[in-house]
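The structure under discussion appears below in the form of structure tokens.
The values are calculated or read from the model by the stated rules, or taken from the named source; none is laboratory data. What you see is a predicted model, and the numbers here were worked out from it, not measured in a lab. No Cβ is skipped: glycine too gets one built from the backbone with ideal geometry, and neighbour counts run over all protein chains shown. Areas reflect the complete protein model, heavy atoms only, side chains present, ligands, DNA and RNA absent. Shrake-Rupley method; radii C 1.70, N 1.55, O 1.52, S 1.80 Å.
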Number of protein chains: 2
Amino acid sequence: MRIAVLGTGMVGRAIAGRTAELGHEVTIGTRNVATLRDRDGDWAAWAAQHPGVGLATFADATADADLVVNATSGTASLAALTAAGEKHLAGKVLLDIANPLGVDRGFPFPVLSSDEESLAEQIQRAFPEARVVKSLNTLTADLMIHPQQLAGGAHSVFVSGDDAEAKQVVTELLVSFGHTDVIDLGDISTARGTELLLSIWLRLYGRLGTPLFNFKVVR
Amino acid sequence: MRIAVLGTGMVGRAIAGRTAELGHEVTIGTRNVATLRDRDGDWAAWAAQHPGVGLATFADATADADLVVNATSGTASLAALTAAGEKHLAGKVLLDIANPLGVDRGFPFPVLSSDEESLAEQIQRAFPEARVVKSLNTLTADLMIHPQQLAGGAHSVFVSGDDAEAKQVVTELLVSFGHTDVIDLGDISTARGTELLLSIWLRLYGRLGTPLFNFKVVR
């Protein structure tokens, strides 16, 4: 597949690197290519290690993609997707991994009331022709792409979305990463459940002292 | 221990029956004893099967207890605990199992914004001398008391609270039920994490078609 990964942070790099390694044609989308390239530091090093991954603006990366991955910061996602362009998103599978987090008394928390729209629903409403699937937002980047490193992969991930075929595309991608238990929660509103899961995830992270854990739904 | 279980619903009955079976001296607290006894239906049958479990008002049940269990409906808990009496709660371990749920478009959801106080924090603030521990609110009643029936008990429960000794008392009770992985999340504010977990729990319940599942924190 041609995959556009929007976002140059830890999650974007993880998904871009892994999908390129699996043989997909991958372009990372960013707000301003020149700004990113001019930055000192780790971007240049990462890019040098991943010569097969392209870099383009949000719009150019998205234009030719089959699958678009939203790996931007949750509070910046709607702006990034607007820059990517409604017409470029129309008809495409949009895998939304972003978590909108705020900081309360120094502690991050999901910016969402449990009876309010999740970010995924906001994205689906803003881009009605995109086929939004929420997934992978409940575990750390390295476990998203290499789940087998933890308990041989015996833990769970979730998909939420209104489009069954789009969920199937995402599920197959997750299985290709090594996931063995992909639970289809239902329509896009079920993303409230996974976005609010961040509340306990963040506390477990603090308590366990490592992000290398995940939930398994034992049934 | 002398245990007061506030609430006559599924959770209250489960905890009362199990703790009595384990040799504790158990009294169920309710708003109005006569009203409950006069009700037709399943209370009388349950009481007949559990002759060792006492029944008293919230206040009378709580007065002599070592441990108080809040198994009332989450939206009614503060009123029930007020009826139990601040002076009767002072100094006691208060195990809070309640979840405040609302209904949105026909679907239940936790009545809590992720940056707002959890019910457990509201209870701790209303009754500062009680030693509140939030626990067991993340799984169905029958799994609270018989965890070994699912995957031999290989799944997780959480405790949140400001009082380490109170958390130890609750942890020992959970272990006596058969729990093998009790995770201390930290202070009482971490109950936000477990109360918001209901958002995905409720959707998984709908999806799996059974409440007999639980989360395992794989690490």
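Could you pull out the residue among A:D163, A:D142 that is open to solvent by 10 Å² or more (accessible area, probe 1.4 Å), more than 21 Å from B:L202 (Cα to Cα) and touching a strand residue (DSSP E or B) at 6+ places or on another chain (Cβ under 6 Å)?
Every option except A:D163 fails the conditions.
So which of B:A164, B:A141 ends up being out of contact with any Phe, Trp or Tyr (no Cβ under 6 Å at 6 or more places or on another chain) and free of Cβ contacts under 8 Å to residues at least 12 places away in the same chain?
Going through B:A164, B:A141 in turn, the sole match is B:A164.
Would the range A:201-216 turn up any residue that is open to solvent by less than 40 Å² (accessible area, probe 1.4 Å), touching a Phe, Trp or Tyr at 6+ places or on another chain (Cβ under 6 Å) and at the interface with chain B (Cβ under 7 Å from one of its Cβ atoms)?
Checked against the condition, which is being open to solvent by less than 40 Å² (accessible area, probe 1.4 Å), touching a Phe, Trp or Tyr at 6+ places or on another chain (Cβ under 6 Å) and at the interface with chain B (Cβ under 7 Å from one of its Cβ atoms), the range A:201-216 yields at least one hit.
Given B:E117, B:E121, which one is under 28 Å from B:F158 (Cβ atoms), in a loop (DSSP other than H, G, I, E, B), within 14 Å of chain A (Cβ to nearest Cβ) and out of contact with any strand residue (DSSP E or B) (no Cβ under 8 Å at 6 or more places or on another chain)?
Exactly one residue qualifies, and that residue is B:E117.
Can A:T194 be described as closer than 29 Å to A:E21 by Cα, open to solvent by less than 10 Å² (accessible area, probe 1.4 Å), at the interface with another protein chain (Cβ under 9 Å from one of its Cβ atoms) and in a helix (DSSP H, G or I)?
Yes; evaluated as a whole, the condition is true for this residue.
Which number in (1) within 12 Å of chain A (Cβ to nearest Cβ); (2) modelled with pLDDT of 95 or more; (3) buried (at least 23 other Cβ atoms within 10 Å of the Cβ) marks the one condition that B:S135 misses?
Checking B:S135 against (1) within 12 Å of chain A (Cβ to nearest Cβ); (2) modelled with pLDDT of 95 or more; (3) buried (at least 23 other Cβ atoms within 10 Å of the Cβ), the one that fails is (1).
Just to verify a result, which residue in the range A:53-99, among those that are more than 14 Å from A:G12 (Cβ to Cβ) and at pLDDT below 95, is surrounded by the fewest Cβ atoms within 10 Å (Cβ to Cβ)?
Ranking the qualifying residues of the range A:53-99, first place goes to A:D64.
For residues that are surrounded by fewer than 24 Cβ atoms within 10 Å (Cβ to Cβ) and assigned to a helix (DSSP H, G or I), scanning just the range A:168-187, find the one that is nearest to the other protein chains (Cβ to nearest Cβ).
A:T171
Report yes if A:A154 is open to solvent by 10 Å² or more (accessible area, probe 1.4 Å) and in contact (Cβ under 8 Å) with a residue 40 or more places away in the chain, otherwise no.
yes
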